[in-house]
1. Output the residue which, of all residues in the range 218-242 that are buried (at least 19 other Cβ atoms within 10 Å of the Cβ) and either basic (Lys, Arg) or within 21 Å of Leu65 (Cβ to Cβ) (or both), is nearest to the chain's Cα centre (by Cα).
2. Name the single residue that is surrounded by the fewest Cβ atoms within 10 Å (Cβ to Cβ) among those in the range 93-111 being in contact with a Phe, Trp or Tyr (Cβ under 9 Å, 6 or more places away or on another chain) and within 21 Å of Gly218 (Cβ to Cβ).
3. If a residue has to be assigned to a helix (DSSP H, G or I) and out of contact with any strand residue (DSSP E or B) (no Cβ under 7 Å at 6 or more places or on another chain) to count, how many in the range 16-39 make the cut?
4. For the range 143-163, give me each residue that is surrounded by fewer than 14 Cβ atoms within 10 Å (Cβ to Cβ) and modelled with pLDDT under 90.
5. Out of curiosity, is Ser46 touching a His at 6+ places or on another chain (Cβ under 7 Å) and farther than 25 Å from Ser219 by Cβ?
6. Which of the numbered conditions does Glu201 fail, given that it passes all the others? Conditions: (1) more than 18 Å from Ile122 (Cβ to Cβ); (2) over 19 Å from the mean Cα position of the chain (by Cα); (3) not hydroxyl-bearing (Ser, Thr, Tyr).
7. Which one of Asn61, Asn53, Asn57, Asn81 is more than 24 Å from Met139 (Cβ to Cβ) and touching a Ser or Thr at 6+ places or on another chain (Cβ under 9 Å)?
8. Out of (1) in contact with a helix residue (DSSP H, G or I) (Cβ under 7 Å, 6 or more places away or on another chain); (2) of a type outside the set (Val, Ile, Thr); (3) touching a residue at least 60 places away in the same chain (Cβ under 8 Å), the odd one out for Leu62 is which?
Amino acid sequence: MFRPAVPANIRIHQYDYEKAEDIPEAVFSTIRAGFASQRSESPLVSVNIIAWNEESNILRNLSSLSAMKSAHAVEYVYVDNNSKDKTSEIIRMCGITPVSETKQGYGFARQAALENSHGTYILTGDSDTIYPPTWVDTMLKPILAGKSVASSGTYSFTPGKGQSRLRYAFYEFFRDIIHYLRTFNRPYLAVGGVNFCFSREEALKIGFIKNNSRSEDGSMALALLKTGKIKRVTKLKAAAWTITRSVENSGSFFNAIKTRVVKEFKRVSIYFYKHE
């Protein structure tokens with residue numbers, strides 16, 4: 001799906017505070033009230049968010065989740081993976097007590113969140129990401145309807161100051177075509193921890209890989225495929241909106257596109273046969 005602009009229900013959470021002490025108490029109060037209104041002793045779904053040194057980004061994530069509108073009982077499990085800044089302090093000020101995981105790594109943090117969850121289903125996300133109020137219900141829908149054992153959502157980028165949203169929209173359009181091709185024979189390659197829903201019971205049997213590799217989500221998806229299908233959800237109502245850090249790490253914007261094209265061209269043949 002081509003998304004030329006950031007939706008209004010995402011823009012309202014784009015705070016620019018860099019430090020915890022810059023955040024007004026009124027903002028914390030509003031977020032706490034939002035989470036309090038959703039609190040349940042018997043959640044159907046546990047939203048798992050992992051964080052590492054996200055003091056300048058995590059408020060946007062917390063704000064968006066506190067405004068979630070779901071027909072189901074939801075709990076929020078945040079894991080601080082050895083942050084050296086005030087990430088945990090901000091989470092606490094928003095009314096949630098974070099879980100501390102001292103073993104550094106995505107897999108360790110995801111596993112800690114999983115083991116501290118109580119919902120029938122797990123919905124994973126990232127702490128530098130904003131989610132629409134329809135995210136939870138849209139991602140759960142295909143699973144509750146019995147159409148899949150898991151669902152994987154897409155994501156878009158929120159441009160920084162001076163950056164064009166339109167150019168990121170074209171980048172995402174190309175990426176989404178690649179993800180579409182992957183869904184036929186290798187759907188696990190289209191899965192990202194930024195937007196992934198699955199059964200907690202099945203996930204506990206499998207467990208996340210114990211290392212600092214970013215393949216913790218794909219490895220879980222590959223194992224879950226043995227129990228059923230993974231549904232790709234591309235609706236705007238389930239799209240996550242994240243910062244442009246992953247693209248910027250590739251250097252210039254055009255270098256990021258070039259790197260992606262070259263990488264996919266080299267392995268395009270694998271999309272035509274199933275992983276054994």
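1. Within the range 218-242, the match that is nearest to the chain's Cα centre (by Cα) is Ala240.
2. Let us first name the residues in the range 93-111 that are in contact with a Phe, Trp or Tyr (Cβ under 9 Å, 6 or more places away or on another chain), namely 93-99, 101-102, 104, 106-111.
Subsequent filtering for residues that are within 21 Å of Gly218 (Cβ to Cβ) retains 101, 104, 106-111.
Values: Glu101: 21, Gln104: 12, Tyr106: 21, Gly107: 23, Phe108: 22, Ala109: 26, Arg110: 26, Gln111: 24.
If we take residues in the range 93-111 being in contact with a Phe, Trp or Tyr (Cβ under 9 Å, 6 or more places away or on another chain) and within 21 Å of Gly218 (Cβ to Cβ), then Gln104 is surrounded by the fewest Cβ atoms within 10 Å (Cβ to Cβ).
3. Summing the residues that are assigned to a helix (DSSP H, G or I) and out of contact with any strand residue (DSSP E or B) (no Cβ under 7 Å at 6 or more places or on another chain) in the range 16-39 gives 15.
4. Within the range 143-163, Gly160, Lys161, Gly162 meet the criteria.
5. On the way: touching a His at 6+ places or on another chain (Cβ under 7 Å): yes; farther than 25 Å from Ser219 by Cβ: no.
So Ser46 does not fit the description; no.
6. (1)
7. Values: Asn61 fails: more than 24 Å from Met139 (Cβ to Cβ); Asn57 fails: more than 24 Å from Met139 (Cβ to Cβ); Asn81 fails: more than 24 Å from Met139 (Cβ to Cβ).
Within the list Asn61, Asn53, Asn57, Asn81, the selection yields Asn53.
8. Evaluating Leu62 over (1) in contact with a helix residue (DSSP H, G or I) (Cβ under 7 Å, 6 or more places away or on another chain); (2) of a type outside the set (Val, Ile, Thr); (3) touching a residue at least 60 places away in the same chain (Cβ under 8 Å) leaves (3) as the failure.
The values are calculated or read from the model by the stated rules, or taken from the named source; none is laboratory data. No experiment lies behind these values; they were computed from the predicted model shown. Cβ coordinates were reconstructed from backbone atoms using ideal geometry, including for glycine residues, and neighbour counts include every protein chain displayed.
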